[in-house]
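Below is one structure; the comments refer to it alone.
The values are calculated or read from the model by the stated rules, or taken from the named source; none is laboratory data. As the structure is a computational prediction, the values presented were derived from the model and not from experiment. No Cβ is skipped: glycine too gets one built from the backbone with ideal geometry, and neighbour counts run over all protein chains shown.
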Amino acid sequence: MQTFTYYPGCTLRTKAKDLDTYARSSAEALGIALVEPENWQCCGGAYTTATNEVATKLSAVRTLIAGKDTDGLVTVCSACHNVIKQTNYDIARNESMQNKVKQYLELDEAYTGETTVYHYLELLRDVVGFDTLESKVVKPFKGKKIAAYYGCLLLRPSKALAMDNPENPTIMEDFIKAIGGTPVIYAQRNECCGGYITMEDKAQALKRSNAVMESAENMGADMIITACPLCLYNLKKNSCSEMPVYYFTELLAEALGLKENDNE
Amino acid sequence: MQRIGVFVCHCGTNIAATVDVKAVAEALSHEPGVVISQDYQYMCSESGQDLVKNAIKENNLTGVVICSCSPRMHENTFRKAAASVGLNPYLVEIANIREQCSWIHKDIASATEKAIILGKAAVAKVHLNTPLTAGESPVVKRALVIGGGIAGIQTALDIAEAGFDVDIVEKEPTIGGKMAQIDKTFPTLDCAACILTPKMVEAAQNEHITIHSFSEVTDVKGFVGNFTVTVKKKARFVDETKCTGCGLCTEKCPMKKVPNEFNMGLDNRTAVYIPFAQAVPKVATIDPNYCLMLKNGKCGVCSKVCSAGAIDYKQTDKFIEQKYGAIVVATGFNPIKPDKYDEFAYSYCPDVVTSLELERLMNAAGPNGGTLLRPSDKTHPHTIVFVQCVGSRCDDEKGKPYCSKICCMYTAKHAMLIREKYPDTEVYVFYIDVRTPGKNFDEFYRRAVEQYNVHYIKGMVGKVSPKADGKIDVQASDLLSNEQLHINADMVVLATAIEPDKTARPLATMLTTQMDTNDFFTEAHPKLRPVESATAGIFLSGACQGPKDIPETVAQASAAAAKAIGLLCKNSITCNPCVAHSDELMCNGCSSCEKVCPYGAITYQDKEFRMPDRTTAIRRVASVNPAVCQGCGACTVACPSGAMDLNGFSNSQIMAEVDAICK
């Protein structure tokens, strides 16, 4: 059995418990051991605007080091994934930063980017395999038209995240097919939900989230799924649409028979 | 005893402003062997040359050092001057005190010091110079043109017009290239086929021109005036000499679902096909990837219907070898596939097309017989959006860093033609800049805007998304009004960047010619030798050298032909005497030199040698073919025993220079 370090991140402990719980139970059912590191802290998302460049790396590197001795580091939240994977990409290419981080964190040896970072969807695609997943589905989403919402952080910057084509992605659609649903392709699936702008300009956030929901509904979607707690918040709270919004892990757990069917 | 003359040039103020030329002349006059040392304002001028000539005569000079500009500039000038008064031209040395000294330094004292050192090095070298005699090599009076587009056709016609035989090698089954696919040409809007096809026929009928269609160059040996080229005539499974081009086989072929390259895959052709009605040669070709007979051995319909008996399923690739005096490269361009630009939805929306696809959609011989219809549902489009610079002027690795040059004009042409033919269709063009330099070009673009009311919007398209109702949402920014736009379009046309043909790079390796980072062939000089490559005898024609429109391509094609004719007119050419030679007594036959020689000039022979004990022994030694050697010197560096040496740049001469500099 493969063992991965599992980094939940702060939101999954509070607002996005569903994203976390079903990720864990599904992994177990799929034969993947997820080990949560002790004393984990912020992914670094809170420091991305710090003026000192070293400060933007430290937190993520601590997490990355925790994943060094397992088969990889798994994240679920789009924002955590974005910050950690980008840091990993940057630091592997910057020797002087490796040394600075080593000194700040008082490490015995410099961290040089050796941990492989997986988003949970990549774990499903590259480690489990969508074929295997499909064979383990007990309650397929037959006839359900499901719209995948990528948002902005999951795939970009594409060079560093190297997850999927940022303009024409397929990973979530393939996931939807694996759990028996019918993916809906719509224009706004990789556009911004409004993000943090909801704090200062509610109208703008509303405009963005409505555009996403409308675009998916117009293409006939029954529901929309996302990997990002902030996207889920915006799509639910800042749009006029009644269409249900779920974390992809909720549907995964349901398809694997690990969750009461309350999506109907 | 050597008698050396030193001549220091002021080059106006180019050298004299930074280098104390009088001090240089004075310092060099004390070097061993120097009997005269002078300075002059312009040494390359007639009076400057006379000064050198007179000094040679009066002082009986055995060597000359000119301290002036780069040898690329005037070495030949001074060699000729020396030869005219009886001094072997290879006894003249140039010390470059302009490009390598005065132009790059500011401080007069240190620049003068450096100029003196460079002069001393040249004096040290000229002590060891030996007279060299250039040999001659005959010129084969036949030219090869690689690529049969408008560039290759024009070059071949011009060379043939001068009375020389010329072969066109074209990789496709027909000549004609990209121009054959184009509907109308800017800025006159005359029909491309009407002006191209007569030239294709002329090429086919010209007694001096041989067309090898469906063929590729696989090997090039030799050198200027005497290339040996191997051409692969790919098996087309049809005997060219028997096929009459009646087209009956293409009508009867049951395999009708082959994407038609000529129409950019917008419709289908049969497995046995003639690319288009005016193809030259008008001969059928069988596509082995689709032919049922060649794949499964079952069918044979074309063979049954062919009254000429031209079908030959057993045909194989044939190789022909031919000698040429000159080679013209005319491999042309291709538009890039915009599949890295998924924001424009090209890969999944059939109504997003490239400009070349639009050419076929609008062409009378195209898939819709000339009526512009959406590929998805064959309806008439009412709103069309053009996106310029797709893949051009890019700062990332997705696209090309350069401007593709032709897109602004052909997009204006498309927009105008659509507005002319379908006045109810609204046309939008999104651009970064509109670049229309050229005779009657800007007037043409302004006509599109002012007379035809094409909506030109400065700004970039961010996202193209197909909608549920079949329309296309084009999201863009209008930079002049700082607005976000959404255009409800029926079709989107991408003006994709153009890139050199994929065959260009392997060909450049075969020809030992240079390419730039974008795989365009590099000309010998960007201003003064625009149609020659840096390799003698290889000329460049058309878009293989850089993006070009048709008039520019034809102009360059004729220029390349003129250069090739200039070479073919000569009965022989003077060889460079600065070639390598091997000292057979020192050579141990290790093959190091043969491995590094880029020209294949080195061979090995078994030779009999007399040993010190009066016995004889047979040893393997290197020998250089002076006609093939280009004097690059790679072998002299590779040789472990020091047997290889280069005339004019011998090991001892180089060491003498180094010693003089380090002294």
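For the stretch A:184-197, the set of residues classified as over 18 Å from the mean Cα position of the chain (by Cα), surrounded by fewer than 20 Cβ atoms within 10 Å (Cβ to Cβ) and in contact (Cβ under 8 Å) with a residue 24 or more places away in the chain consists of A:ILE185 only.
Yes/no per residue for (1) of a type in the set (Phe, Trp, Tyr); (2) closer than 20 Å to B:CYS407 by Cα; (3) within 14 Å of chain A (Cβ to nearest Cβ):
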residue	(1), (2), (3)
B:ASN453	no, yes, no
B:ILE457	no, yes, no
B:VAL461	no, yes, yes
B:GLN475	no, no, yes
B:HIS486	no, no, yes
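Being in a loop (DSSP other than H, G, I, E, B) and among the hydrophobic types (A, V, I, L, M, F, W, C) is not true of B:ALA448. The sole residue among B:VAL579, B:VAL531, B:VAL554 that is farther than 22 Å from B:PRO401 by Cα, β-branched (Val, Ile, Thr) and out of contact with any helix residue (DSSP H, G or I) (no Cβ under 7 Å at 6 or more places or on another chain) is B:VAL579. Within the stretch B:149-190, the set of residues being hydroxyl-bearing (Ser, Thr, Tyr) and under 21 Å from the mean Cα position of the chain (by Cα) comprises B:THR155 only.
What number of residues within the stretch A:181-214 satisfy the criterion of being within 14 Å of another protein chain (Cβ to nearest Cβ) and among the hydroxyl-bearing types (Ser, Thr, Tyr)? Matching residues across the stretch A:181-214 total 1. Total residues in the stretch A:139-156 satisfying the condition of being away from chain B (no Cβ under 14 Å) and part of a loop (DSSP other than H, G, I, E, B): the figure is 10. Test A:MET163 against the criterion of being surrounded by fewer than 17 Cβ atoms within 10 Å (Cβ to Cβ), away from every other protein chain (no Cβ under 14 Å) and either in contact with a strand residue (DSSP E or B) (Cβ under 6 Å, 6 or more places away or on another chain) or of a type in the set (A, V, I, L, M, F, W, C) (or both), and give yes or no. In short, no. Of the helices (runs of 4 or more DSSP H) entirely within the stretch A:157-264, those holding at least 3 residues that are closer than 30 Å to A:TYR89 by Cα occupy A:158-161, A:171-178, A:229-237, A:248-255. Screening the stretch B:174-203 for residues that are of a type in the set (A, V, I, L, M, F, W, C) and not in a helix (DSSP H, G or I) and picking the one that is surrounded by the fewest Cβ atoms within 10 Å (Cβ to Cβ) gives B:LEU189.
Quick grid of which residues meet (1) buried (at least 16 other Cβ atoms within 10 Å of the Cβ); (2) more than 36 Å from the chain's Cα centre (by Cα); (3) within 14 Å of chain A (Cβ to nearest Cβ); (4) among the basic types (Lys, Arg):
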residue: B:ASN289; (1), (2), (3), (4): no, no, no, no
residue: B:ILE327; (1), (2), (3), (4): yes, no, no, no
residue: B:PRO338; (1), (2), (3), (4): yes, no, yes, no
residue: B:VAL390; (1), (2), (3), (4): yes, no, yes, no
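What number of residues in the stretch B:365-398 are farther than 30 Å from B:ARG269 by Cα and of a type in the set (D, E, K, R)? Adding up the residues that qualify gives 5. Screening the stretch B:157-173 for residues that are among the charged types (D, E, K, R) and within 16 Å of B:ALA559 (Cα to Cα) and picking the one that is surrounded by the fewest Cβ atoms within 10 Å (Cβ to Cβ) gives B:GLU161. Has the stretch A:27-36 got any residue that is touching a Cys at 6+ places or on another chain (Cβ under 9 Å), modelled with pLDDT of 95 or more, buried (at least 19 other Cβ atoms within 10 Å of the Cβ) and under 21 Å from A:ILE225 (Cα atoms)? Within the stretch A:27-36, none of the residues are touching a Cys at 6+ places or on another chain (Cβ under 9 Å), modelled with pLDDT of 95 or more, buried (at least 19 other Cβ atoms within 10 Å of the Cβ) and under 21 Å from A:ILE225 (Cα atoms). In the set B:ILE384, B:ILE320, only one residue is in a strand (DSSP E or B) and over 35 Å from the mean Cα position of the chain (by Cα); that residue is B:ILE384. When the stretch A:166-180 is limited to residues that are under 19 Å from A:TYR247 (Cβ atoms) and among the acidic types (Asp, Glu), the one that is farthest from the other protein chains (Cβ to nearest Cβ) turns out to be A:ASP174. Within the stretch B:283-317, if we keep just the residues that are in contact with a helix residue (DSSP H, G or I) (Cβ under 9 Å, 6 or more places away or on another chain) and charged (D, E, K, R), the residue that is modelled with the lowest pLDDT turns out to be B:LYS298. The single residue among B:VAL352, B:VAL301, B:VAL305 that is within 14 Å of chain A (Cβ to nearest Cβ), β-branched (Val, Ile, Thr) and farther than 30 Å from B:ASP158 by Cβ turns out to be B:VAL352.
In this structure, B:THR230 does not satisfy being among the β-branched types (Val, Ile, Thr) and assigned to a loop (DSSP other than H, G, I, E, B).
Considering B:LYS467, B:LYS458, which residue is of a type in the set (Lys, Arg), in contact with a strand residue (DSSP E or B) (Cβ under 9 Å, 6 or more places away or on another chain), modelled with pLDDT under 95 and within 30 Å of A:GLN204 (Cβ to Cβ)? Among B:LYS467, B:LYS458, only B:LYS467 is of a type in the set (Lys, Arg), in contact with a strand residue (DSSP E or B) (Cβ under 9 Å, 6 or more places away or on another chain), modelled with pLDDT under 95 and within 30 Å of A:GLN204 (Cβ to Cβ). Considering the conditions (1) closer than 15 Å to A:LEU105 by Cβ; (2) surrounded by fewer than 22 Cβ atoms within 10 Å (Cβ to Cβ); (3) among the aliphatic types (A, V, I, L, M); (4) in contact with a helix residue (DSSP H, G or I) (Cβ under 7 Å, 6 or more places away or on another chain), A:ILE65 is excluded by exactly one of them, (4).
Being within 14 Å of chain A (Cβ to nearest Cβ) and either part of a helix (DSSP H, G or I) or not charged (D, E, K, R) (or both) is the requirement here; does B:TYR313 meet it? No. Reported count of residues in the stretch A:35-60, each being part of a helix (DSSP H, G or I) and either under 23 Å from A:ALA23 (Cα atoms) or not hydrophobic (A, V, I, L, M, F, W, C) (or both), is 7. Scanning the stretch B:518-566 for residues that are among the hydrophobic types (A, V, I, L, M, F, W, C), within 29 Å of B:VAL628 (Cβ to Cβ) and modelled with pLDDT of 95 or more yields a total of 13. Taking residues in the stretch B:290-310 that are over 12 Å from B:ALA271 (Cβ atoms), and partners anywhere that are polar (S, T, N, Q), the pairs with Cβ atoms closer than 8 Å and at least 6 places apart or on different chains are B:ALA308/B:THR244; B:ALA310/B:THR244. Determine which single condition B:GLN154 fails, assuming it passes every other condition in (1) touching a Gly at 6+ places or on another chain (Cβ under 8 Å); (2) of a type in the set (S, T, N, Q); (3) surrounded by 22 or more Cβ atoms within 10 Å (Cβ to Cβ). (1) is the only condition that B:GLN154 fails. Scanning the stretch A:218-246 for residues that are touching a residue at least 40 places away in the same chain (Cβ under 8 Å) and within 14 Å of another protein chain (Cβ to nearest Cβ), we see that the one that is nearest to the chain's Cα centre (by Cα) is A:ALA221.
Note on the stretch B:124-154: residues that are under 18 Å from B:GLU172 (Cα atoms) and not in a strand (DSSP E or B) amount to 8.
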